[in-house]
1. Using every Cα-Cα pair within segment 14-165, state what percent have a distance larger than 18 Å.
2. Quick one: in segment 210-279, what % of C-alpha pairs are over 13 Å apart?
3. Grab every C-alpha pair in segment 66-123, bin the distances at 5 angstrom width from 0 up to the longest one, and report whole percents.
4. How far apart, in nm, are the 7 Å Cα→Cβ label points at T22 and E109?
5. Give K219/K245; K216/K263; K115/K245; K217/K245 a once-over and call out the pairs whose C-alpha atoms are over 27 Å from each other.
6. Using the heavy atoms of the protein chains alone and a 1.4 angstrom probe, what is the accessible area of the chain per residue in square angstrom?
7. Could you work out the percent of alpha carbon pairs in the chain separated by over 37 Å, rounded to a whole number?
8. Amide H to amide H, which residues 5 or more places from L125 or on other chains are under 5 Å from it, using H placed in the peptide plane?
Amino acid sequence: MARHEDSRKDDDPAPLHGLSRTASFVMVHVGQSTGNQRNLQYGIETRSWGFPVWRPEYRSARPRFAVLATGVGPRVRLDVWSTKKITLYLFEVRENFYAAEAPHWPDEEAENAIKYPVRFGIEPLAVLHDVRLDEDGPLGMAASDAIRVSGTQRGVGMVVDMDPQPLLDAAGIPANWSEQQTVALNRTPGFTAEQVKPPKPPKRPSNGAGFVSDPKKRKAIELHAEDMAVAHYKGEGWTVERLGKPYDLHCVRDREERRVEVKGTTGAATSVDLTINEVEHARDPQNTVDLFVVSDIKVDLRIDNYTASGGRVLHLHDWAPAEEDLRPRSFEYRLPLA
């Protein structure tokens, strides 16, 4: 999986100013009902989260991290809340708040409506269990109380500034925030939706960002993203050939050549799944490779031939995924000799 460097300036995280020890967090309480826990699973699978309403601070916020917390009921006084322990899912925010145009969550698609219009992209970093909610815990009281308040407001996220170092340390992530101000993805443990255990877990494989179990829907998303990429390059005067493998598009203009990988999702532009061949092809200095990602794609499921439309484009030129932005999802295991 490769993490993107977002070229859209309005979505970039806040620039660094000196060696600040704090970072902006979105603190979210996730209820313990079956529906809420399934939403948590789906958010982890698709690297996206959403809220039903906008808060004024979302317009100017540039959060670096998000915490989704579950396991403790929020409707208690702060002094009672602070005696409890909770499970935290720590994420890096990879796409800032945006107004969604595509149904994404299962209940949205069932109703063909947008119920969570405030979206942002999240990359899983680590799970922390039995985290103290008092002032001696890794959150501190302000962030701890923000989770409690979120739970009393339908899980709408609360934005707070805090020092991320105690959380990174508790998660076993080797990072010195005050000096580096960044977290290498390949040095984080990560987690999957299978680590969330609702009372009746859906029998659905956890397969990474933008995962779609319906093959017809997945095909509609892929074809729409590819159509948008073809239109873009043809509009710039390129001759475009669709290949599919070993890469999606072969583009030629005069003596120039570009090879394009195309990815599409109904969710946020947070991360994409890559094969080892795609990574090696993009890193080969003899190749000039672009990554063309279309997110927030609408899919009309009400007709037999699913129709995809719309989408937000992230276009990375001369793309070569860096090691710190890759996390392996599976390994080939060589069996011992007989």
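1. Summing the P(r) tail past 18 Å for segment 14-165 gives 56 percent.
2. So the pairs more than 13 Å apart make up 68 percent of the total in segment 210-279.
3. So the P(r) values, bin by bin, are 4, 16, 15, 15, 17, 16, 11, 5, 1.
4. The modelled label-to-label distance comes out at 4.0 nm.
5. Beyond 27 Å between Cα atoms: K115/K245.
6. The answer is 49 Å² per residue.
7. 19
8. L90, F91, E92
The values are calculated or read from the model by the stated rules, or taken from the named source; none is laboratory data. Quick caveat, the model's predicted, so the values are computed rather than measured. Note that each Cβ is placed from the backbone with ideal geometry, even for glycine, and that neighbours are counted across all protein chains shown. The accessibility values were calculated without ligands, DNA or RNA, using every heavy atom of the protein model including side chains. Shrake-Rupley method; radii C 1.70, N 1.55, O 1.52, S 1.80 Å.
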